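Accompanying notes for the structure given below.
Taken together, the values in this text are just the output of simple stated rules run on the coordinates, not laboratory data. Note that the structure is a prediction, hence the values are computed from the model and not measured. Here the Cβ positions follow ideal geometry from the backbone for every residue, glycine too, while neighbour counts run over all protein chains shown.
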Amino acid sequence: MLFSPLGHEVQVDTTAERWLEDLRTWGRQGFRPKEIPLGGFVLPLACHACFDWAYLGATQEGEYVQAFGYRWKRRHLQGRQGLPEVIKYSRGAWQYEEEGVEGKRQGYVTLIRFEGEGRCNRWCRRAGG
């Protein structure tokens, strides 16, 4: 189930061989997953350099990503004092938001975090794309 930029639900019939390409194709048209999980999506740090934003129905413009009707800013947290390096895209929370809000004083919501070990073949842009 995907959702259009205007909130329409669309059920996509696909096959085991084509599902990833179908997600990419629909995402380029602005279709996206239903909702962002609490704390954001999580992928290995290696995925940041090659991640295909179409999988989230998003577009990237420099250090910003446009997705789910919001503009998300890139934040790079250097690993230190035993904490891992993290690159994440987040935005300030609105005062009416409660679910998914993080932080102590000024709340924020995270779209996606890239952290930890792992490979990223599946979620990378194709060569030259």
Query raised in the report: So for the pair Val10, Arg75, with labels modelled 7 Å out along Cα→Cβ, what separation do we get in nm?
Result: 3.2 nm
Report summary line: So, relative contact order of the chain in percent, Cα under 8 Å, 6 or more apart, is 26 percent
Query raised in the report: Taking one equal scatterer on every alpha-carbon of the stretch 36-123, how large is log10 of I(q)/I(0) by Debye at q = 0.15, 0.18, 0.20, 0.25 1/Å?
Result: -0.56, -0.81, -0.99, -1.40
**Report entry** Average projection area in nm² (convex hull over Cα atoms of the stretch 1-76, one quarter of hull surface)
**Finding:** 5.7 nm²
Report summary line: For the stretch 42-59, in residue order, the Karplus 3J(HN,Hα) values (coefficients 6.51, -1.76, 1.60; θ = phi - 60°; whole Hz; Gly and Pro = x) are 10, 9, x, 4, 4, 6, 4, 5, 10, 4, 8, 5, 4, 4, 9, x, 10, 10
Query raised in the report: Using the count of nearby Cβ atoms within 10 Å as a rough guide to exposure, how do Cys120, Cys47 rank from fewest to most?
Result: Cys120, Cys47
Query raised in the report: Helix 19-28 versus the longest principal axis of the chain: what angle, 0 to 90°, nearest 10, using Cα atoms?
Result: 70 degrees
